[in-house]
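Report on one structure; see the data block that follows.
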Amino acid sequence: MFQELIAQMAREVEKLQHELNVTLPNEIRKAVELGDLKENSEYKAALERQQFVQARLGQLTQRVTKLANIDITQIPADKVGLGSRVTVTDDQTSAAEVYELVFGDAGELQEGHVTMASPIGRALQGKGVGEQVIFKLPTRIRRLTIVELRTIHDRNADELV
């Protein structure tokens, strides 16, 4: 799971580095050739994109470093933790919901993914099957019961088979 995420980030880093070192310098050079830089929208857009790419590269580098330092053996095998897929029922509506706890930021989430730092992610961490989770949202308090849990250890074992 972590190797796949690191590989995905490495591909994005490669694309961004190409853009930063090849594409954007060409765009900036072309914009400079047009003259008056004070009112040159192409120049301003290229510089803004360059700043964004540099910031994103820094963010990705930091995340890869954090991921590489995660010790999977420290994640509990019977409690919710990073990489767990959790099925819960809402105590009020009895509706079933499935969440996967991920390490990431909101811009990269897929359907059903929640980050470890989100309110539901923090509430689920360390809980086991049968336990109730209570967490506060801006408009209400939610009560969920964990009915099924597949930890990262279970999922890694399935991949090896």
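The values are calculated or read from the model by the stated rules, or taken from the named source; none is laboratory data. Everything numeric here is computed off the predicted structure, so don't read it as measured data. Glycine gets a Cβ as well: all are built from the backbone with ideal geometry, and neighbour counts include every protein chain shown. Note: areas computed on protein heavy atoms with side chains; ligands, DNA, RNA excluded. Shrake-Rupley method; radii C 1.70, N 1.55, O 1.52, S 1.80 Å.
The table below gives the values:
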{"read-out": "Top-ranked residue in the stretch 35-50 [being at pLDDT below 85 and open to solvent by less than 60 Å² (accessible area, probe 1.4 Å); ranked as farthest from L67 (Cα to Cα)]", "value": "G35"}
{"read-out": "Counted residues, the stretch 1-20 - those being among the polar types (S, T, N, Q) and touching a residue at least 12 places away in the same chain (Cβ under 8 Å)", "value": "1"}
{"read-out": "Close pairs (7 angstrom Cβ cut-off, 6 or more residues apart or separate chains): of a type in the set (D, E, K, R) in the stretch 126-140, modelled with pLDDT of 90 or more anywhere", "value": "K127/K79; K127/V80; K127/V133; K127/I146; E131/I146"}
{"read-out": "Candidate set: the stretch 1-16, residues that are under 17 Å from V53 (Cα atoms) and in contact with a helix residue (DSSP H, G or I) (Cβ under 7 Å, 6 or more places away or on another chain); chosen: the one modelled with the highest pLDDT", "value": "L16"}
{"read-out": "Selection count where residues are among the acidic types (D, E), more than 14 Å from the chain's Cα centre (by Cα) and surrounded by fewer than 16 Cβ atoms within 10 Å (Cβ to Cβ), scope the stretch 1-34", "value": "2"}
{"read-out": "Condition broken by V64, with the remaining ones in (1) more than 19 Å from L144 (Cα to Cα); (2) of a type outside the set (F, W, Y); (3) in contact (Cβ under 8 Å) with a residue 60 or more places away in the chain satisfied", "value": "(3)"}
{"read-out": "Any chance G121 is closer than 30 Å to R142 by Cα and either hydrophobic (A, V, I, L, M, F, W, C) or out of contact with any helix residue (DSSP H, G or I) (no Cβ under 9 Å at 6 or more places or on another chain) (or both)", "value": "yes"}
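Conditions (1) among the polar types (S, T, N, Q); (2) under 22 Å from the mean Cα position of the chain (by Cα), marked per residue:
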{"site": "R56", "(1), (2)": "no, yes"}
{"site": "L67", "(1), (2)": "no, yes"}
{"site": "T73", "(1), (2)": "yes, yes"}
{"site": "R85", "(1), (2)": "no, yes"}
{"site": "T89", "(1), (2)": "yes, no"}
{"site": "F103", "(1), (2)": "no, yes"}
{"site": "M116", "(1), (2)": "no, yes"}
{"site": "Q132", "(1), (2)": "yes, no"}
